[in-house]
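In what follows, a single structure is set out as structure tokens and then discussed.
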Amino acid sequence: MGYESREAVKRIAALNDEFRETFKGGKVVMTPGVAELPDCVKAAALQEVASFDNFSVDNDPHGEHDFGSFELVNRKFLWKIDYYDKELQFCSEDPTDPEKTRRVLTLMLAEEY
């Protein structure tokens, strides 16, 4: 992708962190497996996502802070941020620009991946 200069990657990571920590400026969705869990587990899982900061070369090779995993109640959870246009129909043409991009965070169980 053409937007991946070092500065662009830092900007994307900052926007992803802001969205992930606040859940503002995008959309959060859960897979059916997560949606079926008790509300208290879903709330705890969302808190884990919001506070996630264990980024490494292994789980964040592009440096965008767009993926993470964690264990909770003996289950492995994954989360992923994708970049869409404002209408959520196509990929964003520029994930560094919040005016052109709507972030979607998907929370799933590892077995649903």
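The values are calculated or read from the model by the stated rules, or taken from the named source; none is laboratory data. These numbers come from a predicted model, not from an experiment. Every residue, glycine among them, receives a Cβ derived from its backbone with ideal geometry; neighbour counts consider all protein chains shown. Only protein heavy atoms, including side chains, enter the accessible area calculation; ligands, DNA and RNA are left aside. Shrake-Rupley method; radii C 1.70, N 1.55, O 1.52, S 1.80 Å.
Output the residue which, of all residues in segment 42-54 that are more than 18 Å from Asp82 (Cα to Cα) and touching a Leu at 6+ places or on another chain (Cβ under 7 Å), is surrounded by the most Cβ atoms within 10 Å (Cβ to Cβ).
The extreme case among them is Ala45.
Scan (1) open to solvent by 90 Å² or more (accessible area, probe 1.4 Å); (2) touching a strand residue (DSSP E or B) at 6+ places or on another chain (Cβ under 7 Å); (3) not small (Gly, Ala, Ser) for the single condition Ile81 breaks and write down its number.
Evaluating Ile81 over (1) open to solvent by 90 Å² or more (accessible area, probe 1.4 Å); (2) touching a strand residue (DSSP E or B) at 6+ places or on another chain (Cβ under 7 Å); (3) not small (Gly, Ala, Ser) leaves (1) as the failure.
Could you list all residues from segment 1-14 that are surrounded by 13 or more Cβ atoms within 10 Å (Cβ to Cβ) and among the charged types (D, E, K, R)?
If the condition is that a residue be surrounded by 13 or more Cβ atoms within 10 Å (Cβ to Cβ) and among the charged types (D, E, K, R), then Glu4, Lys10, Arg11 are the ones that fit.
Looking at segment 68-100 only, could you name the residues that are in contact (Cβ under 8 Å) with a residue 24 or more places away in the chain and part of a loop (DSSP other than H, G, I, E, B)?
Hits for segment 68-100 are Val73, Leu88, Asp94, Pro95, Thr96, Pro98.
Of all residues being free of Cβ contacts under 8 Å to residues at least 24 places away in the same chain and out of contact with any Gly (no Cβ under 8 Å at 6 or more places or on another chain) in segment 15-36, which is least open to solvent (accessible area, probe 1.4 Å)? Just the residue, please.
The qualifying residue least open to solvent (accessible area, probe 1.4 Å) is Ala35.
Tell me, please, whether a residue that is in contact (Cβ under 8 Å) with a residue 60 or more places away in the chain and charged (D, E, K, R) can be found in segment 45-61.
No, that holds for no residue.
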